[in-house]
1. Helix-only estimate, please: 222 nm mean residue ellipticity of the chain, summing -39500 (n - 2.57) across DSSP H runs of length 4 or more and dividing by its residues, to the nearest 500.
2. If the elastic network links every pair of Cα atoms under 10 Å, which of ASP60, ASP70, ASP35 fluctuates the most in the Gaussian network model of the chain?
3. Whose amide H sits under 5 Å from the amide H of GLU69, counting only residues 5 or more places off or on another chain, with H placed in the peptide plane?
4. What is the helix-to-structure angle for 178-189, meaning the angle in degrees between its Cα long axis and the longest Cα principal axis of the chain, kept from 0 to 90 and rounded to the nearest 10?
5. Amide H to amide H, which residues 5 or more places from PHE123 or on other chains are under 5 Å from it, using H placed in the peptide plane?
6. How charged is the neighbourhood of VAL163? Take every other residue with its Cβ under 12 Å from the Cβ of VAL163, and add Lys/Arg as +1 and Asp/Glu as -1.
7. Ordered by residue, what ³J(HN,Hα) values in Hz, to whole numbers, does the range 93-99 give under the Karplus form 6.51 cos²θ - 1.76 cosθ + 1.60, where θ = phi - 60° and Gly and Pro are x?
8. Output wanted: per-residue J couplings in Hz (rounded whole) for the range 66-76, from phi through Karplus 6.51 cos²θ - 1.76 cosθ + 1.60, θ = phi - 60°, x for Gly and Pro.
Amino acid sequence: MVGDADGDSGWLASRHGQRYGRWEARVRSQATGPDNGRQYHPLLILWPDSNRWPEDGEYDYLENGAPGEDCVEAFVHYPHSASAPVQQEFARRCGVDLTRWHHIAVEWTLDHVKGFVDGEEWFSFSGGADDVRQCIQCAPAMHQTIQLDNFFGGDMQPALYEVDWLRIYPSACPGRDADDLVGHAVGHRLGGGE
């Protein structure tokens, strides 16, 4: 995926949505022109199939302020009311040269949302429900997007975002239907349930 100086970039979205599972990608990124302070943002995102944001959450399990940074960052958004301020958790792990190939993964289960870099866990979030938001892992079905975002318009620092492969694994809870999982998650969030 190429981000041009004029602001033209790209994104991909999977048509396959699911609730719970594991998503993995092998990625790297780099700037290909001089730094002018207007960088693209390489992203791996789970976006709600409903397209309802922020009501149905969003899991940005790789979101960086510039290609090829030395820190991997994540913004994991709670499903929450649109009238509330943004409800999210932030994670950062430095010492990861993103100009080199890395395996980036997110695991979303009934109990947690966890992130991995090269097989090592670097964040884990669970629960957190309150009067304006659901538990962080309580989002409905989502699908993978890969983006080289442009937050500035034109006059961008050119960049390259490469994805060698992407894998999507089903939930580790086979045999349970979605309604059962929703009921369990909501019951767990409220302190009841199974």
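The values are calculated or read from the model by the stated rules, or taken from the named source; none is laboratory data. Computed from a predicted structure; not experimentally measured. All Cβ positions, even for glycine, are placed from backbone atoms using ideal geometry, and neighbour counts span all protein chains on display. Each accessible area value is taken on the protein alone, full model and side chains, heavy atoms only, with ligands, DNA and RNA left out. Shrake-Rupley method; radii C 1.70, N 1.55, O 1.52, S 1.80 Å.
1. That comes out to -2000 deg cm²/dmol.
2. Ranking ASP60, ASP70, ASP35 by mean-square fluctuation puts ASP35 first.
3. Close amide H contacts, sequence-distant or interchain: LEU98.
4. The two axes meet at around 90 degrees.
5. HN-HN under 5 Å from PHE123: GLY115.
6. Details: positive: ARG26, ARG28, ARG167; negative: GLU24, GLU162, ASP164.
Net of charged neighbours comes to 0.
7. Karplus-based 3J(HN,Hα) across the range 93-99 equals 9, 9, x, 10, 6, 6, 7 Hz.
8. Going residue by residue, I get 7, x, x, 5, 9, 10, 9, 10, 9, 10, 9 Hz, with x marking Gly and Pro.
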